[in-house]
Amino acid sequence: MNNENLIITNEKKLRMNNAMLRRMSLIVMSILTLSFLMKESERNFSDPTGLIYLGLSISCLLICWGGYVKLKDSEMYKHVAITSYLVVYITLLLTGPSPANSTYVYPLLVVAITYFNVEYTKRLMIIVIISNLISFIIRSNSANLEFPITEYQVMCIMSILVSFAAFYVTKLADRFNKDMESRLLHEKEEQSQLLEKVLSIAATINEQSVEADELVHSLQESSTVVSRAMEEISSGIVNTSDNIQNQTLMTKNIQDAMTNTAKHTNNIVVVAEQSKETLDNSFNMVKELISKSENISKTNHNVVSVMNLLQEETKKVLDIAGVIFNISSETNLLALNASIESARAGEAGRGFAVVAEQIRQLAEETRKSTEDISNIIEGLYKNAINATNVVNESIENVTEQNVLINQVGENFSVVSENINILSRDIQDVDYLVNGLVTSNNQINDSISQLSATSQQITANTEEATSLSAQNLTQAIQVTELLEQVRNSSNELEQYAN
């Protein structure tokens, strides 16, 4: 690339030197041609030698002008133009009478210096010296001189000195030019090395910027995915928070329901205990009833032997019948109460309701039997004859009553045992309900902690979303900066190329 730049520089210098040589040659040769033309016009173009000189001058002028059109970028133009100029100069020097004609070579010597060609300037110096010496010799041998010989001698010496000066100036200029070219080449080599390093750095920057761009693009995609995930997490947490609030409300409702259940369970326990007490009392009464029935049975067996004391015993029997009637009424009332309590107990009290109904029926039958006994006793007053038969019937009825009372007693025992089991089950239910209440309270505490954690996670998610958005914005900015760096690197590489 340095050689190419040097070639381009030399071509520019050659073109400039050719242009300057053309302008100088055209100007000087135009002046000389006009001078020849004026002289020949004074002679009316009658001198053949003058016409030849004029034609030669015009031809050289046209050659100098036309050669530049085709050879302005060529080294050949220098030879064509300088040769044409020398032809006109030597012609003028040998034929012109003025000593100043030798000075017309000075512009040519000055222009020749700009080509920095020592050998060419040396040849040009020799031609100028020889032509001036020949001209001086011719003038010295001529008898008709328009000017003193000393002027020709001075002008000849000056032309020779100017030629030598042009040669040495060209030599110095060439040496200086070579030194400058060497320095320029060295500087251009350094610049080339520096430029190669810059291009290498630019290529590295370009490659790294591409890699960084890919990383930033990947970061953008990751930030976008993270942002979307954070939004989904935030949305899920919001839904979870709503579900937690709903769960909290449901748990509170469950706790209220458990509290009410515990209250009802306590009430059921109280009612069961009261029912148990009532059943115990009823069972005791049944036992008492059995005892009295046995007494009645004994009494009926002794009726035959104690008929004489019938009226007195009848009064006692009436009293006993009243007691039985009262007991039956109370038993009926207790059975009714037991039915009500079993209805409250629900499914667990269904069996107890059946027993209570049977007790009520038995109480009703007892009451009726008591009324029958009363009627029988009254019948004793009316018909003593049938006393034995009535007593036998009474014995039979008492026997049946004993069987029924025993059955009632056994049923009361079963009911009492069932109520004990029911009471224990209700207590177990109460214990479980209390355990559920405690567990529900723990669930409420856990839900509260979960709600606080969800709120914290929501805050952290929002912060992470914000950071992801910032990272995405910064990644876009970094991408723009990398794009600028890559563009600058490409511009630098294009400029270097």
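Please treat every number below as a calculation from the coordinates, not as lab data. As the structure is a prediction and not an experimental result, all values here were calculated from the model. Note: ideal-geometry Cβ built from the backbone for every residue, glycine included; neighbour counts use all protein chains shown.
Evaluated at q = 0.13 Å⁻¹, a Debye calculation over the C-alpha positions of segment 57-188 (equal weights, vacuum) places log10 I(q)/I(0) at -0.62.
As a proxy for reagent exposure, S413, S46 were ordered by neighbouring Cβ count within 10 angstrom, fewest first; the result is S46, S413. In sequence order, segment 163-180 has phi-based couplings of 5, 4, 4, 4, 5, 5, 5, 5, 5, 5, 4, 5, 4, 4, 5, 5, 4, 5 Hz under the Karplus curve 6.51 cos²θ - 1.76 cosθ + 1.60, θ = phi - 60°, and Gly or Pro positions carry x.
Checking the Cα-Cα distances for K13/K78; K12/K197; K315/K368 against a 21 Å cut-off, the pairs over it are K12/K197. The HN-Hα couplings worked out from phi for segment 134-141 by the Karplus form 6.51 cos²θ - 1.76 cosθ + 1.60 (θ = phi - 60°) are 4, 4, 5, 5, 4, 5, 5, 8 Hz, whole numbers, x standing for Gly and Pro.
Based on the mean of other Cβ atoms within 10 Å per residue, sort peptides 312-323, 160-171 so the most packed one is first. Spell out each step's value before the answer.
Values: 312-323: 15.3, 160-171: 17.7.
Going from most to least packed, we get 160-171, 312-323.
Return the FRET efficiency for the residue pair I290, H264: r is the Cβ-Cβ distance, R0 is 30 Å, and the value is rounded to the nearest 0.05. About 0.20, to the nearest 0.05.
Cβ-to-Cβ counts within 10 Å put K13, K382, K298 in ascending order as K382, K298, K13, the fewest first.
Along segment 330-341 the Karplus relation, 6.51 cos²θ - 1.76 cosθ + 1.60 evaluated at θ = phi - 60°, assigns HN-Hα couplings of 4, 4, 4, 5, 5, 5, 5, 5, 5, 5, 5, 5 Hz to successive residues, with x for each Gly and Pro.
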